Amino acid sequence: MNARILIADDDRAIREALARALSLEGYDVVQASDGAAALSQIEATSPDAMVLDVMMPNVDGLTVCRVLRAERNRVPVLMLTARTETPDRVAGLDAGADDYLPKPFDLDELLARLRALLRRTRPDESASGGEPLQLADLRLDPTARRAWRGEREIELSKTEFDLLELLVRNSGIVLDHSTIYDRIWGYDFGPDSKNLAVYISYLRRKVEVGDEPKLIHTIRGVGYSVRAS
């Protein structure tokens, strides 16, 4: 069966252009013009993924995402934002989005990110190995997709967990930007993309709280690595 994608955007031109493009790619497409309609469509159609605009009337995209996550609905969300500052992007991740894309966006990039989100939700690919992983006091359960730092459980989106798992599985190894983009997003967004840096920054906010020792290290000009300090 074709994956069903919900497009929620109050800009009719963008919404319909995306619907045409996704239909040509073989997806079943459902549309919503605001956040309230998006929530209704999610309940009625159970989409496999969602393209969600942040700025919408009545109920905005951040609120839609928070409602879904509060209800334990894990539909993958690719959030569209016209705001390019890092705090605005982080707000989408904090609301529970799995990925974000600033406007104006490249259609090929949006399609690549959607494919990556859908790949990671397939049962045969979502769990990359049943054995728990541990680095210092950081523990990951890949099968349950849960993470802890000491006794504290860390709430992670799909993309955040995938990124942290990749780094921990390669503990002590420096992974370059291209490798991480390819493994997590299935698409190399190029040297000018800030996508990875935002995710690393956000992971640090969740994984390294207060006086907890630093685990995620930046190797300038190369990439990232995790290791016990």
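Any idea which of VAL51, VAL75, VAL59 is farther than 26 Å from PHE161 by Cβ and of a type in the set (A, V, I, L, M)?
Among VAL51, VAL75, VAL59, only VAL59 is farther than 26 Å from PHE161 by Cβ and of a type in the set (A, V, I, L, M).
Does GLU43 qualify as being at pLDDT 90 or above, under 20 Å from LEU114 (Cα atoms) and surrounded by fewer than 16 Cβ atoms within 10 Å (Cβ to Cβ)?
no
For the range 111-213, please list each of the strands (runs of 3 or more DSSP E) lying entirely inside it that holds at least 2 residues being of a type outside the set (A, V, I, L, M) and modelled with pLDDT of 90 or more.
Those strands (runs of 3 or more DSSP E) span 138-141, 146-149, 152-154.
Yes/no per residue for (1) surrounded by fewer than 16 Cβ atoms within 10 Å (Cβ to Cβ); (2) without any contact (Cβ under 8 Å) to a residue 12 or more places away in the chain; (3) assigned by TED's automatic domain parsing to the domain that holds ALA97; (4) in contact with a strand residue (DSSP E or B) (Cβ under 7 Å, 6 or more places away or on another chain):
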{"site": "LEU163", "(1), (2), (3), (4)": "no, no, no, no"}
{"site": "VAL168", "(1), (2), (3), (4)": "no, no, no, yes"}
{"site": "ASP176", "(1), (2), (3), (4)": "yes, no, no, yes"}
{"site": "TYR202", "(1), (2), (3), (4)": "no, no, no, no"}
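Is it the case, given these coordinates, that ALA32 is surrounded by fewer than 22 Cβ atoms within 10 Å (Cβ to Cβ) and among the small types (Gly, Ala, Ser)?
So ALA32 fails the test.
With respect to the numbered conditions (1) closer than 22 Å to LEU110 by Cβ; (2) modelled with pLDDT of 90 or more, which one is the sole condition not fulfilled by THR218?
Status for THR218: all satisfied but (1).
The values are calculated or read from the model by the stated rules, or taken from the named source; none is laboratory data. Just so you know, these numbers come straight off a predicted model, no measurement behind them. Cβ: placed from backbone, ideal geometry, glycine included. Neighbour counts: every protein chain shown.
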